[in-house]
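See below for the structure under consideration.
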Amino acid sequence: MAPTVVPDGVSSPRAQPSIQTGWTPSVTALVVGGCTYVGHFLVKDLVARGWQVAYTYQPGEKPLYLDEARAFEVDLKTGAGLSECFYALGALSRVIYCASAAEDSGEDACAAINVPTRVLDQLDNHVKVHGFQPFFIYLSSDQVYTGNSNMGHYKEWEDVAPTTAVARSKLAGEQAVKARWPRHAILRTGAVFGPPVVRKAGELPTVAEVLADEASPAGQLRSPTFVKDLVRVCSEVLLRQDSLENRTFNVGAGAGQRMGAAALAQALAEEVKRQGGEPGGQPAAPPVEADAAGAQKRDLSMDCSRVERDLLLRLTPFKQALRETFS
């Protein structure tokens, strides 16, 4: 057996967490950004499938699922804690990158967090130490598309022209992954929604709890992404890995549905009310009238037929996803 190599930036094995023993590389996964909304569902799903799971969380966040997965505090802005995390885990087979900085974080923070350069550096070292490449999934966004099409429903190979800090960093992240890591898949999502992470028994969630991406700008048409569909797509991609014919996938609602931020919030509020709850916690979205009038909308809606064709998955229609969210 080859001697263990200490990762770059780690001064001494004695000062680091011990390598996890008894883990099998073929069933180990690291979720970068495990305390994000999507990360929560991914960690839960991987654990339920019997995988050995670890996840990172940002300084100041409260680590979750303490009895189900290993938690590592990692500052993705600086990289602090990342080499220690990789050293402690040893051989990995899968890495899912769902960490994401919001627009109000600024250009530098978006570039530092949304572009997975530091994680890719650690993966390069992982190959030197363990002799193989873990499969890498990068979660991107529909914001990378131009939005100038009169028809929308962008396909994965169509024009990209990001206009915001988040969108520019997401596209840069995609480019870095494609250039540096052949064993990858990129999933572009729309406005993510689904059940709240924490839900009291018998209590219906509010609109704000259901609408994870509540900062969608006014005047945009987007494809809503049901978080449970996104988890299913991740799982199927991980199963297929190197047999994938394509490596970039749009993940949105079934039947090619698209809507503005206000229309999405309104639909969610109506469903909460229909279920007998109160829509409270309405996210900051413009009124329906403003969303439907004024300047021409930027249409970022996605054609998701590649997912259904290549992965043989049926994406959930929006109304059905709402019913599942409140069931």
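Details
- To the nearest 10, the accessible area of residue 299 is 10 Å² with a 1.4 Å probe.
- Gyration tensor (alpha-carbon) shape descriptor, the range 28-74, a/c threshold 1.5: prolate
- Solvent exposure of residue 178, expressed as accessible area, is near 100 Å², computed with a probe of 1.4 Å over the protein chains only.
- Listed pairs 62/178; 273/319; 77/170; 128/178 exceeding 23 Å between Cα atoms: 62/178
- Near-label residues of the range 298-327 by backbone N, under 20 Å of a point 7 Å along Cα→Cβ of residue 155: 299-315
- With R₀ set to 22 Å, the beta-carbon distance separating residue 27 from residue 73 gives a calculated FRET efficiency near 0.35.
- Modelled label positions at residue 273 and residue 175, each set 7 Å beyond Cα in the direction of Cβ, lie 4.6 nm from each other.
- Under the shape rule built on the C-alpha gyration tensor, where the axes satisfy a ≥ b ≥ c, the range 141-186 is oblate, since a/c reaches at least 1.5 while a/b does not exceed b/c.
- Sequence of 222, 274, 258, 70 when ordered by accessible area, the most exposed leading, probe 1.4 angstrom: 274, 258, 70, 222
- For the range 79-94, the residues whose backbone nitrogen is under 15 Å from a point 7 Å from the Cα of residue 124, taken along Cα to Cβ, are 83.
- Most to least accessible of 180, 94 (protein chains only, probe 1.4 Å): 180, 94
- Gained length - residue 102 relative to residue 312, 0.36 nm times residue gap less alpha-carbon distance: 72.4 nm
- Within the assembled protein chains, the solvent-accessible surface assigned to residue 298 is about 40 Å², based on a 1.4 Å probe.
- Accessible surface, 1.4 Å probe, highest first, among residues 319, 228: 319, 228
The values are calculated or read from the model by the stated rules, or taken from the named source; none is laboratory data. Note that the coordinates shown come from a computational prediction; the quantities given were computed from them, not determined experimentally. Please note: Cβ atoms are built from the backbone with ideal geometry, for glycine as well, and neighbour counts cover all protein chains shown. Note: accessible area is taken over every heavy atom of the protein model, side chains too, but ligands, DNA and RNA are not part of it. Shrake-Rupley method; radii C 1.70, N 1.55, O 1.52, S 1.80 Å.
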